[in-house]
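The values are calculated or read from the model by the stated rules, or taken from the named source; none is laboratory data. Small disclaimer: the values here were computed from a predicted structure and weren't measured. Glycine gets a Cβ as well: all are built from the backbone with ideal geometry, and neighbour counts include every protein chain shown. Side chains are part of the model used for accessible areas, which takes the heavy atoms of the whole protein and leaves out ligands, DNA and RNA. Shrake-Rupley method; radii C 1.70, N 1.55, O 1.52, S 1.80 Å.
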Amino acid sequence: MLDYFDKTRLFIDQKLDEYLSLKQPNLEGLYESIQYTLFSGGKRIRPLFCLIVGDLFNLSQDRLAPLACAIEMIHTSSLIMDDLPFMDNARVRRGKPANHLVYGHDVASLASIGLLMKAYDLILHDPQLSDDKKVTVLSKLTHTVGINGMVGGQFVDLKNAHDAVDFSTLEYVHIHKTASLFITSAETTALIGNPSKKEINAITSYAENFGFAFQLMVDLLDAHEKPNRIPSCGIEGSKELVKKHSDAALAAIDLFDGRNKKLLALSQLLLNRTA
Ligand code: GRG
């Protein structure tokens, strides 16, 4: 299974490289900044998620490449913006200096917006998607990034950055900032495969629970730096919550019995991480 993940990551990297190769010499510095964060060792979970869900609906990796890469571009765009001094003010991302410390705040901001727009552009120009599907996918993506999605989640997170937050605020932040992009990765992919109502509900429930558990895990791993992001139930309570939501995620995909091994493996891989 690890072999499958590695090969699929390689495929995603090749496609990202293809979609974002420099074509105009005067934009060299902008492309460098984009590529710096896009190829700095991200785990590629969201595009992997797309391709694995696509497998359930017999959608080939080639067919899903634009969507999978668009979602990784949105994710990368959000990381570059999140690290800026007026946001999370992070100096390090994936063990390397944050984008703005290498390329400046001006270029990093443009790289973030450029990547976001490139994501939408990829979907708009995907020759394998019908116009109807393009509208469905784009409306889900724009909603996910927008005020009632990642932007809203980030806003609530920033405004409570120095306080211990109650559980419903934490839940709002986790669902909007993090789980929403997982949910949309899974839902948009499934929608391309014309799922039944039961199938789409199962996929959504998996992604929602997985995304929530994933952010709780990230916060547990970061507990020494950001202790106020641990729910009031404490470290042990938080670990139980991770277990509860990962169990719920796995239960949701029982429906795909026999075909859900990759989704099971992906959750195990991520929820058992120690770094
Ligand atoms: C410009 C798209 C966009 C959004 C604006 C800045 C912002 C609003 C939202 C920030 C959202 C954010 C940074 C969420 C954190 C999500 C998260 C858990 C990131 C880490 O994900 P991994 O572990 O990262 O998948 P890698 O490094 O593997 O790619």
How much solvent-accessible surface does residue 145 expose, in Å² to the nearest 10, with a 1.4 Å probe and all protein chains in place?
20 Å²
Determine the gain in length on full extension of the stretch residue 251-residue 88; use 0.36 nm per residue of separation and subtract their C-alpha separation, reporting nm with one decimal.
55.2 nm
Bounding extents of the stretch 94-213 in its principal axis frame from Cα atoms, largest first in Å, are 44, 36, 27
Computed from the mean reciprocal separation of all distinct C-alpha pairs, what Kirkwood hydrodynamic radius does the chain have, in Å?
19.2 Å
Going through the cross-link list 118/244; 239/262; 7/96; 118/177; 133/243, which pairs have a Cα-Cα distance over 32 Å in this structure?
118/244; 133/243
Give me the mean projected area, in nm² to one decimal, of the convex hull enclosing the Cα positions of the stretch 161-275.
7.3 nm²
Over the stretch 120-208, what percent of the accessible surface lies on carbon and sulfur atoms, probe 1.4 Å?
56 percent
Note on the chain: contact order normalised by length, alpha-carbon pairs under 8 Å, 6 or more apart, percent, works out to 17 percent
In bins 5 Å wide, starting from 0, what share of all Cα pairs of the stretch 28-117 does each bin hold, as a percent?
3, 15, 24, 21, 15, 10, 7, 4, 1
Surrounding net charge for residue 211, when Lys and Arg each add one and Asp and Glu each subtract one, Cβ distance under 12 Å:
-1
Over the stretch 66-199, calculate the relative contact order: mean separation of alpha carbon pairs under 8 Å at least 6 apart, over the residue count, as a percent.
24 percent
If R₀ is 41 angstrom, what is the calculated FRET efficiency for the pair residue 226 and residue 196, using the beta carbon separation as r and rounding to 0.05?
0.50
At 1.4 Å probe size, with the rest of the protein present, what percent of the exposed accessible area of the stretch 1-78 is carbon and sulfur atoms?
50 percent
The extension gain from residue 18 to residue 151, computed as 0.36 nm times the residue separation minus the Cα-Cα distance, is 45.0 nm
Let me know the shape class of the stretch 105-167, please: from the alpha-carbon gyration tensor, a ≥ b ≥ c as square roots of the eigenvalues, rounded when a/c is under 1.5, otherwise prolate if a/b is greater than b/c, or oblate.
oblate
Just the number please: accessible area per residue for the chain, 1.4 Å probe, all protein chains included, in Å².
48 Å²
Evaluate the Kirkwood expression for the hydrodynamic radius of the stretch 35-175, namely the inverse of the mean inverse distance over all pairs of different C-alpha atoms, and round to one decimal in Å.
16.4 Å
Order the peptides 29-41, 178-190 from the highest to the lowest mean number of other Cβ atoms within 10 Å of their residues.
178-190, 29-41
